[in-house]
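Q: Let me begin by handing over the structure; questions about it come next.
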Amino acid sequence: MHALHQVLHAFFSLHHFTVTMPDVWAGFQINLKMMAIAEVLVLVLALALALVRGLPGPTAKPLRALAIAYTDFFRGTPIIIVAFFIGFGLPGLQLGFISSRSITTYGVITLTLVYTAYVTEVYRAGIESVHASQRAAARSLGLTYMQTMRYVIVPQAVRRVIPPLLNDFVGLQKDTALVSVIGVAEAAALAQQDSTKLGDFVPYLVAACFFILITIPLARFTDHLVAARERRERAQAF
């Protein structure tokens, strides 16, 4: 019974839960802000990068190589290391405007750089899943490469990759907690501070609850979209 009481006090104290909630909620609003800004930037930049990777012809080879190098580098580098580079490296350069941004801005830059690389591959998979005959048909009608991508390929590709995009954004929402390593006062960082003050782990439970309230509905919505797409594909097969 003593052990059970210790567990309940350390993890499930209702009093400490209510005391901690306002602080952690204030930090979680920063998580939500970073997630929203980074998601918009990632959607735009990743699509641009995916289009660059698909540019035809030998003259575009250097651009394709740069796009591949970017995705390989940021997919292969842990997000914490990228956060150190951005959060400590940029201020240390003493480059005026670049080195005087807020810690939250550096957190958004970190998330954007890393998740742009992942989402680029998602877009690219969607673009390549569209049958080549549609490109040929569009070009035969006189559309340029960019017009073909804009009006024919990309709209179909985006519809196909919405579920994996949502999965990536679930990961992005959780990874906003990792930028606490550069000093962003988000939910995990404030939970750690409150945990130290209170001497238990209840603040971490509070932070986890906030994240779960966002990630589980997104995950279930993603499952719904996947199931709906599979039903449509089965119906079209008959």
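Q: Given axes a ≥ b ≥ c from the Cα gyration tensor, I'd like to know whether region 1-115 is rounded (a/c under 1.5), prolate (a/b larger than b/c) or oblate.
A: Prolate, because a/c is 1.5 or more and a/b exceeds b/c.
Q: How far apart, in nanometres, would the label points at His15 and Phe88 be if each is projected 7 angstrom from Cα along the Cα-to-Cβ direction?
A: According to this spin-label approximation, the distance is 4.0 nm.
Q: Still on this structure: For Thr148, what is the net charge nearby, where nearby means another residue's Cβ is under 9 Å from its Cβ and Lys, Arg count +1, Asp, Glu -1?
A: Here the count lands on +3.
Q: Within region 193-236, which residues have the backbone N less than 19 Å from the label spot 7 Å out from Trp25 along Cα→beta-carbon, could you tell me?
A: The answer is 193-195, 202-215, whose backbone nitrogens lie closer than 19 Å to the label point.
Q: Excluding Ala65 itself, calculate the net charge of residues whose Cβ lies under 12 Å from the Cβ of Ala65, where each Lys or Arg counts +1 and each Asp or Glu counts -1.
A: +2
Q: Compare the Cα positions of Gly76, Ile216, Thr148 along the charge dipole of region 74-224 (+1 at Cβ of Lys, Arg; -1 at Cβ of Asp, Glu; about the Cα centre) and return the one farthest towards the positive end.
A: In region 74-224, that residue is Thr148.
Q: Moving on. In whole percent, what relative contact order does the chain give with Cα contacts below 8 Å and a gap of six or more residues?
A: Relative contact order comes out at 33 percent.
Q: Multiply the residue gap between Val226 and Glu128 by 0.36 nm, knock off their C-alpha separation, and tell me the result in nm, one decimal place.
A: Separation in residues times 0.36 nm, less the Cα-Cα distance, equals 33.4 nm.
Q: To make sure I understand the rule: partners must be lysines, Cα under 21 Å from the Cα of Lys174, and not fewer than 8 residues away in the same chain. Which ones qualify?
A: Filter leaves Lys33.
Q: Here's another thing I want to ask about it. Going through the DSSP H helices of the chain, which span 30 Å or more along their own axis at the Cα atoms while scoring at least -0.5 as a mean Kyte-Doolittle hydropathy?
A: 14-53, 103-129, 202-237
Q: How about Lys197: which aspartates and glutamates have a C-alpha closer than 16 Å to its C-alpha, ignoring those fewer than 8 places off in the same chain?
A: Leaving aside aspartates and glutamates fewer than 8 places away in the same chain, those within reach of Lys197 are Asp23.
Bear in mind that the values in this text are calculations on the coordinates, not laboratory data. Please read these numbers as outputs of a predicted model, since none were measured by experiment. Neighbour counts run over all protein chains shown; Cβ positions are idealised from the backbone, glycine included.
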